[in-house]
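Encoded as structure tokens, the structure appears first; notes follow it.
No lab work stands behind these numbers, since they all come straight from the coordinates. Being a predicted model, the structure only gives us computed values, none of them experimental. We place every Cβ from the backbone using ideal geometry, glycine too, and count neighbours over all the protein chains shown.
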Amino acid sequence: AAGGKRLSGGLFKELNDRMAAAGYMHDARREFPSRFDPAMLRCILDEMVLEAGVQLLFHGLVNAVHVENTGGRNTRVKDASIQTKAGTTSASARYFIDATGDADIVFHAGGKVEMGREPDKLVQPATLNFRMGNLSLLKPARPVIAAKARAEKAKGNLLTPRDDCLAFDAGDRRLHFNQTRVAGFDFTDPAGMTAAEIEGRKQARRFIDFLRSKVPGFKHAVVEGLGTQLGIRETRRIVGEHVLTEQELLGCVQFPDRIGLGNYPVDIHDPKGSSSTDIRHVPAGKWYSIPYRSLVPRGITNVLVAGRPISATHVAHSAIRILPICSVIGHAAGVAAGLASKQDVSIAMKDLHVEEIQAILKQQGAVLE
């Protein structure tokens, strides 16, 4: 939200409303609730996609795609090969939405992608979150935890990359910790991911042991949850018809082909894994826009990208990678793919009129101005 204005409408608002109605939002009385039950979120998402007639297939990964030339340097994806425990299956379609988080379809189709910052290609560190419950204090204080952590770190008793404490009140005397920083790995490589997850659990365990032994109120605390996998901030980014820049975000540029708005700041956790974070805020009460062209991979005529791998610089990516903005992008990608299919045209702006996409998005509650 910006200045009391909701920026993430449409399907994201519907999801929030359903969660609140079911009692799964912990602060539902607020105008813009933000704390939710992650376990029950999965149930609501299942419900929404099944209601929409989606045929789901979990436990499969795209391992190849087949393309054909459509003239010049352009290609289209014919089908995607999906590896499962039962073997390999194929999914063919006229249009694809790459919501893999890592631009897997675009990558396997030979589309141009980039990784990390210039010049060293390092990406933001990943995080393995954890949740502590049964705290014997009414109001946990982040500054107290941070001060004790710094003191123990200075003595050499606590090996942790952060000098602060990033923890969120989860209600009922519980805290949710975003405390680990797992850096220096390629999060698109299975071997790298394996090593990174082990490192994440090591960091989490060290901090949990520190909390129980050194921080008042945590002596009898229990671990209520530890991420089943890493939270990934950054991997591949496509090179699309427009590369979104930090100057455009911080300058609050309103693109004619905008398909969503946001005001989350530039937020770069040090790719080398130190405690520093580069945060640059959008001017108060203002917002930036996401252009449709950043969803369109250059040279591929029937694939749209949703979520964090859209076409943006390393710095701009750090602002648009969060859940509400990714949801807005996904909503727009779905509308655009449906419209392209109906009109039997490519997803490029020269063939698909963005004004029609915007009109449908507005009808469905999206916020574009």
Measure nothing but the geometry: give the 0 to 90° angle between the long axis through the Cα atoms of 323-343 and the longest principal axis through the Cα atoms of the chain, rounded to 10°.
10 degrees
Ranked by how many other beta carbons lie within 10 Å on average, peptides 289-299, 348-358 from highest
289-299, 348-358
Percent of all Cα-Cα pairs per 5 Å bin for segment 130-226, counting from 0 up to the last occupied bin, reads 2, 13, 24, 23, 17, 10, 6, 3, 0
List the relative contact order of segment 1-127 as a percent without decimals, with contacts defined as Cα pairs under 8 Å and 6+ residues apart.
13 percent
Report the local net charge at V367: Lys and Arg +1, Asp and Glu -1, summed over other residues whose C-beta lies under 12 Å from its C-beta.
+4
Mind listing which trypsin sites (Lys or Arg not before Pro) in segment 122-168 are in a DSSP loop and have 12 or fewer other Cβ atoms within 10 Å?
K155
Please state the relative contact order of the chain as a whole percent: Cα pairs under 8 Å, 6+ residues apart?
21 percent
Would you calculate a helix-derived [θ] at 222 nm for the chain, using -39,500 (n - 2.57) for each DSSP H run of n ≥ 4 and dividing by the full residue count, to the nearest 500?
-9500 deg cm²/dmol
So, relative contact order of segment 278-369 in percent, Cα under 8 Å, 6 or more apart, is 25 percent
Set K148/K219; K153/K202; K78/K362; K121/K286, cut-off 20 Å on Cα-Cα distance; pairs above it are K78/K362; K121/K286
If the elastic network links every pair of Cα atoms under 10 Å, which of V77, V239, V222 fluctuates the most in the Gaussian network model of the chain?
V222
Excluding P309 itself, calculate the net charge of residues whose Cβ lies under 14 Å from the Cβ of P309, where each Lys or Arg counts +1 and each Asp or Glu counts -1.
+2
Neighbourhood charge, 13 Å Cβ-Cβ cut-off, centred on V65 and excluding it, Lys, Arg +1 and Asp, Glu -1:
-2
